[in-house]
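Coordinate-derived values only; no laboratory data. This one's a predicted model, so the numbers in the text were calculated from it and none came from an experiment. All Cβ positions, even for glycine, are placed from backbone atoms using ideal geometry, and neighbour counts span all protein chains on display.
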Amino acid sequence: QVQLVESGGGLVQAGDSLRLSCAASGRTFSRYAMGWFRQAPGKEREFVATMGWSAGSTYYADSVKGRFTIARDNAKNAVYLQMSRLKPEDTAVYYCVAGPDSRLREAYEYDYWGQGTQVTVSS
């Protein structure tokens, strides 16, 4: 069982940077792939980035590649999403997720979800 709590969302301007954090509880944190999904108003949840136990298994959506960086600290049971060069289309609720495999990109494939944190990018 893993509980996830996100933080770090907010209102920023286009071109700004923001870092999201996710604190996880549970002794088996390092066994899970961790990631981020997002959901904009009127749209389905979409894959953003995932990471396995190590940086060698890291995946990004094409829309954020080169701008977002996912990282995890297994000692702190934490995962982060550094977002740079933000665009208005990045506006969404961002969810931290935990699941069995970082290669998975569908929301239903992830077992654990945080409550979400709002990111709003103004133009």
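In sequence order, what are the phi-derived ³J(HN,Hα) couplings for segment 37-42 according to the Karplus relation 6.51 cos²θ - 1.76 cosθ + 1.60 with θ = phi - 60°, rounded to whole Hz, with x for glycine and proline?
Rounded to whole hertz, the list is 10, 9, 9, 8, x, x.
Taking the alpha-carbon distance from residue 43 and a cut-off under 15 Å, which aspartates and glutamates remain once sequence neighbours fewer than 8 residues away in the same chain are dropped?
Within the straight-line limit of under 15 Å, residue 43 reaches these aspartates and glutamates: 89, 90, 106.
Under 5 Å between amide H atoms, partner at least 5 residues away or on a different chain: which partners does residue 86 have, H built in plane at 1.01 Å?
15, 16
Ranked highest first by the average count of other Cβ atoms within 10 Å around their residues, in what order do 107-118, 86-97 fall? Present the calculation step by step, with values, prior to reporting the outcome.
Working: 107-118: 16.0, 86-97: 19.9.
In decreasing order of mean packing, 107-118, 86-97 become 86-97, 107-118.
Roughly what % antiparallel, to the nearest 5, for the DSSP beta bridges in segment 56-123? It would help to have the intermediate numbers written out before the result.
Details: 11 of 11 bridges.
Roughly 100 percent of the DSSP beta bridges within segment 56-123 come out antiparallel.
Using modelled backbone amide H atoms (1.01 Å from N, in-plane), which distant-in-sequence or interchain residues come within less than 5 Å of residue 112's amide H?
Answer set, sorted by chain and number: 98.
Report P(r) for segment 34-120: all Cα-Cα distances, bin width 10 Å, range 0 to the bin holding the largest distance, values in whole percent.
All Cα pairs considered, the percentages come to 18, 56, 25, 1.
Tell me, what HN-Hα J-couplings in whole Hz come from the Karplus equation 6.51 cos²θ - 1.76 cosθ + 1.60 at θ = phi - 60° for each residue of segment 6-17, using x for Gly and Pro?
Each residue of segment 6-17 in turn: 8, 7, x, x, x, 9, 9, 9, 4, x, 6, 10 Hz.
How high is the relative contact order of segment 33-123, in percent, counting Cα pairs under 8 Å that sit 6 or more residues apart? Don't skip to the answer; put the middle values down first.
Values: 174 pairs, mean separation 29.1, N = 91.
In percent, rounded to a whole number, it is 32.
For segment 112-119, what does the Karplus curve 6.51 cos²θ - 1.76 cosθ + 1.60, with θ = phi - 60°, yield as ³J(HN,Hα) per residue in whole Hz, taken in order and with x for Gly and Pro?
Those phi angles translate into 10, 9, x, 7, x, 9, 7, 10 Hz.
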